[in-house]
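Below: the structure, in structure tokens.
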Amino acid sequence: MEKILIRNIDLERWRKLKNKRILVYGRRKTGKTFFVKRFTEWDYFFFVKRDGGILDLDSKREISYDYLTDLLLNEKKRFVIDEFHRLPEEFLDFLQAYGDKLNLTLITSTLWLSRKILGESSPLLGIFQEFKLGLIDERDVLNFLSKERDRKRLVEKAVYLREPWLIPLVENSRDLPRILIEQKNTIERLVGEIFREEERELKKSYVAILAAISSGKTKSSEISSFMFSRKLLPKDDPSLVQGYLKTLCNIGLLNKIEVFNKKFNFYLHASPLLDLYFLLDAKYGFSETELPQKEVERVFLERLPFHVELFFGSLLSKLFGLKFGKIVEKDFEINIALSSFKKIKVVCEVKWKDFVSAKEAKNVENVLNKIRAEERMLIVPHVRNLEVRPHGVKVIDVNKILKMIKHEPS
């Protein structure tokens, strides 16, 4: 029997919604349909096909657009319309005219429509309450895997199983290189579907940004230069990429990470899987060539500590209710810093390895002590991985993290 990961964090957000009209949006293959269908209340569930045909999933018959709008207006029931952006464009006018009378959940993953509906000038603002469904929350995926005995591999698996569609495919985190190769077409379709409605040049710009970020160009100035070199911008001006970056963050493809002591931000992939895909494509043309699994494994193992670090940064920000960012100085960086109202509360380093030498522990101690913070932390797979404990630094291992999640107030 297949074990189902219950998204308790997202369910709690859902229960707090007050509006009867909800727009569920986010990147494709984040489990939006499964979540709404399995865990929310509804009476009618409709799915709109690519050709515009409307399927009633309960009766398993196709209905007309006129019949759908008639039902919405006259039946006092709860409706769900999945892939609603495939309906005729006049449906947006229908929603504007009758939206306040409807009991309706809409689901979409199309970037074009999300931007249109969520834009400041949208006539639907205020009618629908937004519900963004992205990757699975770190706490839920760790709880789901908590019975796995190898704690290091547990976290590595959790990092990538935030992608719901990978859950039945991944037995071990080290399966990822093989799955990347086998599921390359799925990943390409995932990205393509997001930009399906975009103009060709606009789509090229979005994909170029995703590629630039995986290649290490994570500041808007670096992304601007990359796009200008590809002749996707008329001039090398960071202000020209801000709209693209905001849209990619809104849809759940990117995360904006603030650098607390500087006047710039980093933009990073929300999905470690997509980061790997675009990194492989940038370095080796992965989308167009056959790459040996050994080479994919090498890139994966090099990138894994970075993905683990981001995982813990996001997790700790949620556990402590603080903002996740970074600190960048000339001679050192702190990749996990947590702040409240611009005051640094926690600084943290991650050493994701089986042995941390006394010299490495001392270096962590020295770096963290350069920043005034209320708490300093070091995350390792297990406390026994440390040759010595750094002075004045709280050591947290996976067992401690799991206890923190278990005792987190609901």
Quiz item: Between the range 174-197 and the range 48-113, what is the C-alpha centre distance in whole Å?
Solution: 29
Quiz prompt | Difference of contour (0.36 nm per residue) and Cα-Cα distance, residue 188 to residue 60 | solution = 43.1 nm
Quiz prompt | Rounded to 5, percent antiparallel among DSSP beta bridges of the chain | solution = 40
Quiz item: Size of the range 1-49 along its principal axes in angstrom, Cα-based, largest extent first?
Solution: 34, 31, 24
Self-check item: When the convex hull of its Cα atoms is projected in every direction, mean area for the range 356-410 (nm²)
Solution: 4.2
Quiz item: Principal axis lengths of the range 299-410 from Cα atoms, whole Å, largest first?
Solution: 35, 34, 32
Quiz prompt | Semi-axes of the equivalent ellipsoid for the range 181-298, Cα gyration tensor, largest first, Å | solution = 24, 17, 14
Quiz item: Using +1 on the beta carbon of Lys and Arg, -1 on that of Asp and Glu, and nothing else charged, what's the dipole of the range 216-287 about the Cα centre, debye to 20?
Solution: 160
Quiz item: Using only the Cα atoms, what convex hull volume per residue in Å³ does the range 327-385 have?
Solution: 84
Quiz item: Under a GNM of the chain (C-alpha, springs under 10 Å), which listed residue has the highest mean-square fluctuation: 87, 368, 274?
Solution: 87
Practice problem: Please name which of 320, 170, 238 has its Cα lying farthest along the dipole of the chain towards the positive end, using unit charges on Cβ (Lys, Arg +1; Asp, Glu -1) and the Cα centre as origin. | Solution: 320
Self-check item: Pairwise Cα inverse-distance average, inverted: Kirkwood Rh of the range 145-230 (Å)
Solution: 15.3
Quiz item: Taking the chain as a Gaussian network, where each spring joins two C-alpha atoms under 10 Å apart, which residue of 305, 292, 390 fluctuates the most?
Solution: 292
Practice problem: Calculate one ³J(HN,Hα) per residue across the range 371-376 by plugging θ = phi - 60° into the Karplus curve 6.51 cos²θ - 1.76 cosθ + 1.60, and present them in order as whole Hz with x for glycine and proline. | Solution: 10, 6, 8, 6, 8, 10
Practice problem: Calculate the radius of gyration of the Cα atoms of the range 1-90 to one decimal place, then report Dmax, the largest Cα-Cα distance, as a whole number, both in Å. | Solution: 14.2, 44
Quiz item: Residue separation times 0.36 nm, minus the C-alpha to C-alpha distance between residue 19 and residue 242: what's the value?
Solution: 77.2 nm
Quiz item: Loop-only check: which trypsin sites (Lys or Arg not before Pro) in the range 129-221 are DSSP coil with at most 13 other Cβ within 10 angstrom?
Solution: 147, 149
Practice problem: May I ask which of 294/330; 49/219; 256/351 have a Cα-Cα span longer than 28 Å here? | Solution: 294/330; 49/219
Self-check item: Exposure of residue 307 as accessible area (Å², to 10), given a probe of 1.4 Å and all protein chains
Solution: 10
Quiz item: What list of whole percents do you get for P(r) of the chain, with Cα-Cα distances grouped in 10 Å bins up to the one holding the largest distance?
Solution: 4, 20, 29, 27, 15, 5, 1, 0
Quiz item: With all protein chains present and a 1.4 Å probe, how do 7, 13, 86 order by accessible area, largest first?
Solution: 13, 86, 7
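The values are calculated or read from the model by the stated rules, or taken from the named source; none is laboratory data. What you are looking at is a predicted structure, and each value in this text was computed from that prediction instead of being measured. As a convention, Cβ positions derive from the backbone with ideal geometry for all residues, glycine included, and neighbour counts pool all protein chains shown. Only protein heavy atoms, including side chains, enter the accessible area calculation; ligands, DNA and RNA are left aside. Shrake-Rupley method; radii C 1.70, N 1.55, O 1.52, S 1.80 Å.
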